[in-house]
Amino acid sequence: MTIRRRQERNVPALNTTSTADISFMLLIFFLVVSSLDTDKGLTRQLPPTDKQEQVPPTEVNRDRVMELRIDANNQLSVDGKPTQLTNLQSKVEEFVIRVGKDHLLTVETDPNATYESYFNMQNTIVAAYKSARNKWALKQYKHPFGQLSYEQQMSIREALPQRIAERYNTSVQGNHSTEEQLDNDMEALQKGGLQ
C-alpha cells in the first residue's frame, strides 16, 4: 500500500485592490452629496472684557443717534415713531450718509419679540450699510464698492463704519433710551467695542 502524500490545498486569496478604490469613490461621493451646514450669523464686534480701562463720559448729540426698537408685538419703531420694515433701509441709509462716521444706531429688542423680526431688522440694517457704502463709492470713485481696491474700500469703511449698539435688558417701560445708556454706548465706541 502506498501512502499518498496529502497535497496542500491553497485557499485562493481575495483580490482587495478594487476594494480600496470602491471605498475611496464612496467617500468622495458622500462628501460631494452631503450638505455641509455653514454657520450663519451677524458679524458684531463685542466690547472689551477688561474693566480697568476707563474712558471719560462724552456728550451725546441726539442728532447723531438713531434709535431702533422692536416691542413685544414685533412692531418696529425708529426714534419712537412706528415704522414699517420696508421703510427702514432707506431711513438708515439716509441717516448714515447724512451724519457720516459719527453716527450711532441703537437697537433695543423686547425679550418677547420674535427672532424673525429681530433678524429681519438686522438684515435690513446691513443692507442699508451696503447700499450707503456703494453710493459713497460711486460718488467718490465712480465705481461700485465691490470693484474698488482694498485701500479704497477701507477708506469708505472708515467714512461709513457700522456703529451699532445693542441693548438686551429692555424690560423697562418707555420707548426712548436714557442719557446714561447713550453715554455708555459712546464709551464703548471710543474703546472700539462697537462695529
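Summary of values
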| item | result |
| --- | --- |
| Estimated distance in nm for a label pair at residue 101 and residue 72, the labels positioned 7 Å out from Cα along Cα-to-Cβ | 4.3 |
| Accessible surface, region 59-108, averaged per residue in Å² (probe 1.4 Å) | 51 |
| Inverse mean reciprocal Cα-Cα distance (Kirkwood Rh) of region 95-148, Å | 12.9 |
| Estimated inter-spin distance, residue 159 and residue 119, nm [label 7 Å along Cα→Cβ] | 3.4 |
| Gain in span if fully extended, residue 152 to residue 23, counting 0.36 nm per residue against the direct Cα distance | 41.5 nm |
| Difference of contour (0.36 nm per residue) and Cα-Cα distance, residue 63 to residue 35 | 5.4 nm |
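The values are calculated or read from the model by the stated rules, or taken from the named source; none is laboratory data. Just so we're clear, the structure is a prediction, and the values are computed from it rather than from any experiment. Using ideal geometry, Cβ is built from the backbone for each residue, glycine included, and neighbour counts are taken over all protein chains shown. Accessible surface is based on the protein model in full, side chains and every heavy atom, while ligands, DNA and RNA are left aside. Shrake-Rupley method; radii C 1.70, N 1.55, O 1.52, S 1.80 Å.
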